Amino acid sequence: MTNTPTSPAPGWYPAPDGSSQTWWWDGAGWTQPPTQAQYQPEPSPAAINAIAKLATATQVLILVWVVTSVATIGVEIFGLTAVADYLSGIDTTVDRLDLYDQGTAVVSILSSLAIIAAGVIWVIWQFRVAKQVTGQTRRSPGWHAGSWFIPIVSFWFPYQNVSDLWRALGRTRPSWLIVWWLLWVVGNYAIQLSSRAYLFAEDLEGFRAGMWLSLAGELLMLASAPMAWLVIRGITQGIVQRSSIPAPASAAA
């Protein structure tokens with residue numbers, strides 16, 4: 001008969017890399033803890049629950065925004081078809097163009113409300129997560145929140161801050177994180193360009209250019225939405241898991 005090796009119970013054990021550290025074994029894998037100087041006071045269950053609730057709210061609002069984005073894409077495709085038919089003489093009335101204008105107004109308002117709400121809750125969520133790992137990221141919790149709103153800085157700092165949160169929680173940064181960020185930034189830029197194209201358009205060709213830019217921007221941002229949802233989930237799981245790991249005796253002392 002052969003004896004099947006049993007996995008040790010969850011707890012702190014000598015580091016598997018041979019160093020003098022102790023690592024946390026959860027029964028399936030190792031977690032490398034921060035140094036003793038980096039340990040924060042044990043977070044209260046209320047703070048962790050608040051972060052989890054903010055994460056859920058943000059994820060729900062992202063899904064709502066996805067619905068409005070899909071509607072926006074549909075309206076833009078309808079508008080492009082209407083313009084093409086009008087310019088080619090297939091449809092000489094402006095009824096479909098008027099319907100496009102009405103549809104654009106509705107979906108623009110709904111989409112703006114959804115993405116603003118999701119953005120506000122996201123910033124609050126990120127600020128609170130950053131407070132739990134103060135001293136383990138390159139920027140303060142205030143910068144984690146404020147960098148989203150500062151021109152030029154907002155093109156790169158938020159990505160760095162999110163990356164820092166992954167590392168501070170002892171999780172491997174996903175390879176798709178940079179893809180999420182580039183889709184978000186380029187999509188936003190395309191939508192801003194579409195707004196300028198609409199504003200300065202002097203004929204239907206100009207409006208059509210704005211429609212194409214808007215469609216491209218919406219598609220890029222829509223592609224970023226599932227990854228944004230995963231960012232929220234991954235970091236929140238990390239902060240919840242981190243709060244459940246007891247500090248080794250040397251750090252607690």
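The values are calculated or read from the model by the stated rules, or taken from the named source; none is laboratory data. Just so it is clear, the model here is predicted, and its values are computed rather than measured. Using ideal geometry, Cβ is built from the backbone for each residue, glycine included, and neighbour counts are taken over all protein chains shown. Ligands, DNA and RNA are stripped out before the accessible areas are found, and what is left, the full protein with its side chains, is counted by its heavy atoms. Shrake-Rupley method; radii C 1.70, N 1.55, O 1.52, S 1.80 Å.
Just a few scattered comments:
- The listed peptides 230-236, 194-200, 77-83, 133-139, ordered by packing as a protection proxy, come out as 230-236, 77-83, 133-139, 194-200 (highest mean of other Cβ atoms within 10 Å first).
- Positive-end extreme of charge dipole, the range 50-129 - chosen from Gln59, Ile116, Val83 (charges on Cβ): Gln59
- Extension gain (nm, one decimal) between Ala15 and Thr172, 0.36 nm per residue minus Cα-Cα: 54.7 nm
- The accessible-area ordering, largest first, of the residues Met227, Met221 stands as Met227, Met221, per a 1.4 angstrom probe.
- Per-peptide packing, taken as the mean over residues of other Cβ atoms within 10 Å, places 182-188, 211-217, 171-177 in the sequence 211-217, 182-188, 171-177 from highest down.
- Under Karplus coefficients 6.51, -1.76 and 1.60, residue-wise ³J(HN,Hα) of the range 181-198 in Hz, glycine/proline x: 5, 5, 4, 5, 5, 5, x, 4, 5, 5, 5, 5, 5, 5, 4, 5, 4, 4
- Accessible surface comparison of Tyr189, Tyr13, probe 1.4 Å, protein chains only, largest first: the order is Tyr189, Tyr13.
- For the range 73-216, the C-alpha radius of gyration sits at 1.39 times the compact-globule guess of 2.2 N^0.38 Å, with N the residue count.
- Relative compactness, the range 38-124, computed as alpha-carbon Rg over 2.2 N^0.38 Å: 1.74
- Residue among Leu183, Leu213, Val129 farthest towards the positive dipole end of the range 105-214, charges placed on Cβ: Val129
- Each Lys or Arg adds one and each Asp or Glu takes one away; over the other residues whose Cβ falls under 15 Å from the Cβ of Leu215, this sums to -1.
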